[in-house]
1. Filter region 115-134 down to residues that are in a helix (DSSP H, G or I) and in contact with a helix residue (DSSP H, G or I) (Cβ under 6 Å, 6 or more places away or on another chain) and give me whichever is surrounded by the most Cβ atoms within 10 Å (Cβ to Cβ).
2. Find all pairs meeting these conditions: Cβ atoms under 6 angstrom apart; at least six residues apart or on different chains; first residue within region 346-375 and farther than 16 Å from A257 by Cβ; second residue among the basic types (K, R).
3. Please work out which one of (1) in contact (Cβ under 8 Å) with a residue 40 or more places away in the chain; (2) farther than 26 Å from L40 by Cβ; (3) in contact with a Phe, Trp or Tyr (Cβ under 9 Å, 6 or more places away or on another chain) is the condition L107 fails and give its number.
4. Looking at region 149-178, which of the residues that are among the hydrophobic types (A, V, I, L, M, F, W, C) and within 13 Å of G199 (Cβ to Cβ) is surrounded by the most Cβ atoms within 10 Å (Cβ to Cβ)?
5. With (1) surrounded by 24 or more Cβ atoms within 10 Å (Cβ to Cβ); (2) at pLDDT below 95; (3) of a type in the set (A, V, I, L, M) as the list, and A321 as the residue in question, which single condition is left unmet?
6. Can you tell me how many residues within region 278-322 are over 30 Å from G341 (Cα atoms) and not in a helix (DSSP H, G or I)?
7. Filter region 152-168 down to the residues that are free of Cβ contacts under 8 Å to residues at least 40 places away in the same chain and of a type in the set (D, E) and list them by number.
Amino acid sequence: MIELDDRLSALRDHAREWAGELRPLALELERDPELIHKHLELPGVSFLARTPIPAEYNPDPVTIGGHRFHGTGGLERVTFCEEFAAADVGMLLAAPGPSLSGVFVALLGDEAQKEWFFGRLLERPTWTFFALTEPDRGSDAAALTSALTTAPDGETLLLSGTKRFIGNAARADLGVVFARTRPGPLGVIAVLAETRDPGFSATPFPTVGLRGNQVSEVSFDRVEIPADRVLGRHLSPTRRGLAGAVAGFNRLRPGVAALGLGVARGAYEYVREHRRALTGDERDRLDRLGRRIEGVRQLVRRAALALDHDDPSLGHLASAAKARAARLAEETTLEAVGFFGAGARLEHPLLDKFVRDARGTEYMEGTRNIQWLNVFQGLSQGRLRHG
């Protein structure tokens, strides 16, 4: 069993308290995603706006019980992600902050790029976006068609293409975009883009769940990318392209798994709170759900520890955690509805929201089939043990 130490227990307790302040806003945020702008001073939103930012770029991190938190550690991140998602994953995803882009900037950026990117986020609450997925191609980085061509000055790059299912793009100031400079795997690179530049546009989709995240379609029409905004320009071509994308996703995945875990826990706790009188069969069903949640929590924490220890099995463990957590979220939320009978989703709108949001966890950072393929590779290569 992986238990939290005093430091992470303090973070968990504060995150649970902050998340409790956000839950009453969950349904209102669904109706009006712009509501997030009115609640930037809430402690939970303020914490998310500065997380994760590496210590060397954040001189004033959140301090709890004498402990400093930057949100960059794997176990640290899954701890607060679970707590926020158990309250409302939509509010977590709608909050400003470095989010996915911050992980890639920390991994691939040079010193100047990191100072520029994280400095912007510390000036004021700032939304970011991460753009990889494309229409008809999904998140297959090797099949990207978004293109970077050289401008007449011989240095500036021109970004053209379309990305789809990009969270927060309609409200973001800057973000990371993967595009292609030439055919082949070494032709894929990541760049920093600003939404205020001519040629950028983002249009939110109407979605069933996760409405606060304003998932959008993004278009780039010859958006100018200065040469110093190419991430990994100081790295070899093999480290800054697809390899960089894989390394970044490996680091992201435990946190994404924690979102699914949190959604499942939120639905489970909703049943415990609103169904006080249970039959024997119902108690057994609820107990089984509780045990499943704890089992997946241990897997998520194991993947997070692999990240903290630079374990080579990280990618495969994180894929297993993400696949299990997404399935858990879907099955637990649907089973939770069954405790309230016909009309439950109409009579319990927050529980209905858990069901709809749970479906979104399946598509975050790769679907279940992709994750299981990664797990199979780990088993076949001897990097994972059965059981």
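The values are calculated or read from the model by the stated rules, or taken from the named source; none is laboratory data. In this text, all values refer to a predicted model and were calculated from it rather than measured experimentally. Here Cβ is always computed from backbone atoms with ideal geometry, including for glycine, and neighbour counts include all displayed protein chains.
1. It comes out as F117.
2. Taking only residues 6 or more apart or on different chains, the pairs are D352/R345.
3. (3)
4. Across region 149-178, the extreme among qualifying residues is V177.
5. Here A321 clears every test but (2).
6. Final tally of qualifying residues: 5.
7. Of region 152-168, the ones free of Cβ contacts under 8 Å to residues at least 40 places away in the same chain are 152-154.
Answer for region 152-168, where residues must be free of Cβ contacts under 8 Å to residues at least 40 places away in the same chain and of a type in the set (D, E): just D153.
Listed here are the residues, each with its yes/no results for (1) assigned by TED's automatic domain parsing to the domain that holds V208; (2) in contact with a Leu (Cβ under 6 Å, 6 or more places away or on another chain); (3) part of a helix (DSSP H, G or I).
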| position | (1), (2), (3) |
| --- | --- |
| L328 | no, no, yes |
| T333 | no, no, yes |
| A342 | no, no, no |
| L346 | no, no, yes |
| L350 | no, no, yes |
| D357 | no, yes, yes |
| N369 | no, no, yes |
